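Here is the structure we will look at.
The values are calculated or read from the model by the stated rules, or taken from the named source; none is laboratory data. It should be emphasised that the depicted structure is a prediction, and the values quoted were computed from it without experimental measurement. Positions of Cβ are generated from backbone atoms using ideal geometry, with glycine treated the same way; all protein chains shown enter the neighbour counts. Ligands, DNA and RNA are excluded from the accessible area calculation, which covers all protein heavy atoms including side chains. Shrake-Rupley method; radii C 1.70, N 1.55, O 1.52, S 1.80 Å.
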There are 2 protein chains.
Amino acid sequence: MRELKVELGERSYPIYIGEGILEQIGSFFAKHHIGKASPLLIVTDEYVAKHHLAIVETKLREEGYTVASYIVASGEKSKSLSVLEKVVAAALEAGLDRKSTVIALGGGVVGDLAGFVAASYMRGVRFVQVPTTILAHDSSVGGKVAVNHPMAKNIIGAFHQPEMVVYDTATLRTLPDREVRAGLSEMIKHGLIWDADFTAWMEENASKLISLDQEALQYGLYMGCKVKSIVVSQDEKENDLRAILNLGHTIGHALEAVSGYNELLHGEAISIGMVGSAKLALRLGYPEHIYTVTKRILQAYGLPTRLSQHLNTDDIMSAMLHDKKFMEGNMVFIVPTEIGKVEINKNISSAWVREIVEELKQEA
Amino acid sequence: MRELKVELGERSYPIYIGEGILEQIGSFFAKHHIGKASPLLIVTDEYVAKHHLAIVETKLREEGYTVASYIVASGEKSKSLSVLEKVVAAALEAGLDRKSTVIALGGGVVGDLAGFVAASYMRGVRFVQVPTTILAHDSSVGGKVAVNHPMAKNIIGAFHQPEMVVYDTATLRTLPDREVRAGLSEMIKHGLIWDADFTAWMEENASKLISLDQEALQYGLYMGCKVKSIVVSQDEKENDLRAILNLGHTIGHALEAVSGYNELLHGEAISIGMVGSAKLALRLGYPEHIYTVTKRILQAYGLPTRLSQHLNTDDIMSAMLHDKKFMEGNMVFIVPTEIGKVEINKNISSAWVREIVEELKQEA
């Protein structure tokens, strides 16, 4: 088992990564002094519940905890205020009090939803993340939790750090192949923004990671979490540095919005977005190999690097201009300056971005 | 003008109290370095909007701010997730970004709602309180913000401190007399829990306060805010001491719930609750005058001290046992031990409480 500490002063917490460690979840809870007098609430989705809910409930009950569960529909639609209201109803019915803990068992959607429940229920209770997707290695570090508004993603939320993250890599075997690849897209991003060696390792180990080799997975998740935790430790509330984690996300979020959150998985959308950022780097005069390496790695994982013709450029641009990262009207982009390094560029002309969106439709 | 600083380290903020100071709201904003590049959103209710929205909008615009407003229906029903969703829609339409400020113009309902919007919009933006009720002197100190859930009051919320509070006592002239008295109930509470001299002053100045004598009001609000800020400074997140602010609230909340949030105003409900706590004090062997003084002051303000016969005792008890202050099944009560002092008593038998509820129906 690998262990990583996210350093956030009083709010520091460990991430445990290992195969089959859900078996020990009860002892992790006890070790973290999570009291047994107050009930726990597991929030999960239909798909994950089928595969992993029983063991989590059983192991926590064996340890002496009172456990309730609430199962939401799988997918982004569950990240809404109306589902939040239902989860809170379940929490009240189960008798959760201020010393209770909410557990997110699932991927990013469940993590964001359950995390915001934990942040806001009785103005904040404890929170434990049990990720069951690769993508969740990203969302389980940093404490960003939120639900969507019909007009904008992740617009209602909080910074709420978990007590711990219990990452059982055996659960990843229940992921569809497409989600595995999309999840690895964020792992690649963590290399590209911070660590050239890890980026090279990611390229070499593509086939191992895609086939869920447990040792490679554990190292990759460890490194992905580590990069993210270093960045978050330096800038918990996203005042500056933390923005580098948005590499590929400005275009990526717009693509998700325009394609209706169905056609493209998040990791696929940011894959295309990272190619866009690399193209922006070329325009700014940074070396050509940024673009070739970025594209080559993403292709090694079978991730999309070109934009579908049918997505309308005007729609994409307008989705981007509503994105909350455009503070005070400036267009901000995260741009790679070499492999493993990026800059926060606040002066990107929207005309360039439009041209790049067009070019992304012509990519090989 | 009186000025009070709420001491919360990095999150410290001032409360400005004075007659007619809304005229200067623009300069208060400028003095607090609230930038003009990002729009402001005023959240208010129908009643307050009619009397005070125009001046706030005008003065902020004169100072150079871009101002949008959102008006909710007056009353507790606006403290819901569905209204929150509408306010967030207004914020998005007005183009609020992470450097924007949300302004609560109104009483406790607007403060709680707008405060939770500020706490959660883009995971937190700045917040300014402009109270227009006496009751809001309580809710504008301490940063507790929340909306209600159909099953429980204030159950979804956050701790989110304002940048400043601008308290124009001239606005209080638009309050109905019954709300004036109910608001003064919390002011009396602040005396009872912390300050015997202030309690005596409250008794002597009842008629001045009820008739909205501006000098008396400013002193009373200053002292009420001061007591609350001392308590909150010592225990921002309600781990222990802060619970003393709940004097009268355990029974009070139950009465509000059972009477359907219509029959009794909050201040009226806690008035009855404070008589209940004083009766509990007698049972615990504390001096008789706690009860007589408490009741005499409340009566001087024309506040209710007896419980209406038609409210069902079983319903009241069951509402209390769902109250979130009963952590882990123990019954916790704030009990006065002398005038100006209380204790947090965690071992109050529910049988006693039931008897006291019955007795409150027999009060003179």
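Spot the failing condition for B:VAL353; the list is (1) open to solvent by 30 Å² or more (accessible area, probe 1.4 Å); (2) assigned to a helix (DSSP H, G or I); (3) at pLDDT below 95, and only one is missed.
Unmet for B:VAL353, out of (1) open to solvent by 30 Å² or more (accessible area, probe 1.4 Å); (2) assigned to a helix (DSSP H, G or I); (3) at pLDDT below 95: (1).
Looking only at residues in the stretch A:281-300 that are within 16 Å of A:ILE193 (Cα to Cα) and among the polar types (S, T, N, Q), which one is least open to solvent (accessible area, probe 1.4 Å)?
A:THR294
Can you tell me which residues in the stretch B:72-108 are modelled with pLDDT under 95 and assigned to a helix (DSSP H, G or I)?
Result: B:GLU76, B:LYS77, B:GLY108.
Kindly provide the set of residues from the stretch A:49-64 that are in a helix (DSSP H, G or I) and surrounded by 14 or more Cβ atoms within 10 Å (Cβ to Cβ), ordered by number.
A:ALA49, A:HIS51, A:HIS52, A:LEU53, A:ILE55, A:VAL56, A:GLU57, A:THR58, A:LYS59, A:LEU60
Residue check, A:SER318 against (1) modelled with pLDDT of 90 or more; (2) assigned to a helix (DSSP H, G or I); (3) of a type in the set (Ser, Thr, Tyr), all met but one. Which one?
Evaluating A:SER318 over (1) modelled with pLDDT of 90 or more; (2) assigned to a helix (DSSP H, G or I); (3) of a type in the set (Ser, Thr, Tyr) leaves (1) as the failure.
For the stretch B:113-155, enumerate the residues that are touching a Lys or Arg at 6+ places or on another chain (Cβ under 6 Å), surrounded by 24 or more Cβ atoms within 10 Å (Cβ to Cβ) and either within 11 Å of another protein chain (Cβ to nearest Cβ) or in a helix (DSSP H, G or I) (or both).
B:LEU113, B:VAL147
Hey, could you check the stretch A:207-244 for residues that are within 14 Å of chain B (Cβ to nearest Cβ) and out of contact with any Asp or Glu (no Cβ under 7 Å at 6 or more places or on another chain) and say which is surrounded by the most Cβ atoms within 10 Å (Cβ to Cβ)?
Restricting to residues being within 14 Å of chain B (Cβ to nearest Cβ) and out of contact with any Asp or Glu (no Cβ under 7 Å at 6 or more places or on another chain), the top hit is A:VAL232.
This table checks each residue for (1) of a type in the set (Gly, Ala, Ser); (2) free of Cβ contacts under 8 Å to residues at least 60 places away in the same chain.
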site: B:VAL165; (1), (2): no, no
site: B:THR169; (1), (2): no, no
site: B:ARG173; (1), (2): no, yes
site: B:PRO176; (1), (2): no, yes
site: B:ALA196; (1), (2): yes, no
site: B:ALA216; (1), (2): yes, yes
site: B:LEU221; (1), (2): no, no
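When the stretch B:157-194 is examined, which residues are found to be within 14 Å of another protein chain (Cβ to nearest Cβ) and open to solvent by less than 10 Å² (accessible area, probe 1.4 Å)?
Of everything in the stretch B:157-194, just one residue is within 14 Å of another protein chain (Cβ to nearest Cβ) and open to solvent by less than 10 Å² (accessible area, probe 1.4 Å), namely B:GLY157.
Scan (1) open to solvent by 10 Å² or more (accessible area, probe 1.4 Å); (2) within 14 Å of chain A (Cβ to nearest Cβ); (3) within 22 Å of B:VAL180 (Cα to Cα) for the single condition B:GLU46 breaks and write down its number.
(2)
Going by the conditions given, is B:LYS99 among the basic types (Lys, Arg), closer than 24 Å to B:HIS190 by Cα and within 14 Å of chain A (Cβ to nearest Cβ)?
It is false that B:LYS99 is among the basic types (Lys, Arg), closer than 24 Å to B:HIS190 by Cα and within 14 Å of chain A (Cβ to nearest Cβ).
Anything in the stretch B:1-13 that is over 21 Å from B:LEU212 (Cβ atoms) and open to solvent by less than 20 Å² (accessible area, probe 1.4 Å)? List them, or say none.
B:VAL6, B:LEU8, B:TYR13
Which one is farthest from the other protein chains (Cβ to nearest Cβ), of the residues in the stretch B:74-94 that are among the small types (Gly, Ala, Ser) and surrounded by 16 or more Cβ atoms within 10 Å (Cβ to Cβ)?
Result: B:SER74.
Which condition breaks for A:THR66 when tested against (1) touching a Phe, Trp or Tyr at 6+ places or on another chain (Cβ under 9 Å); (2) at pLDDT 95 or above?
Failed condition: (1).
What single numbered condition from (1) under 15 Å from A:ALA319 (Cβ atoms); (2) modelled with pLDDT under 90 fails to hold for A:ASP235?
Only one criterion is unmet by A:ASP235, namely (1).
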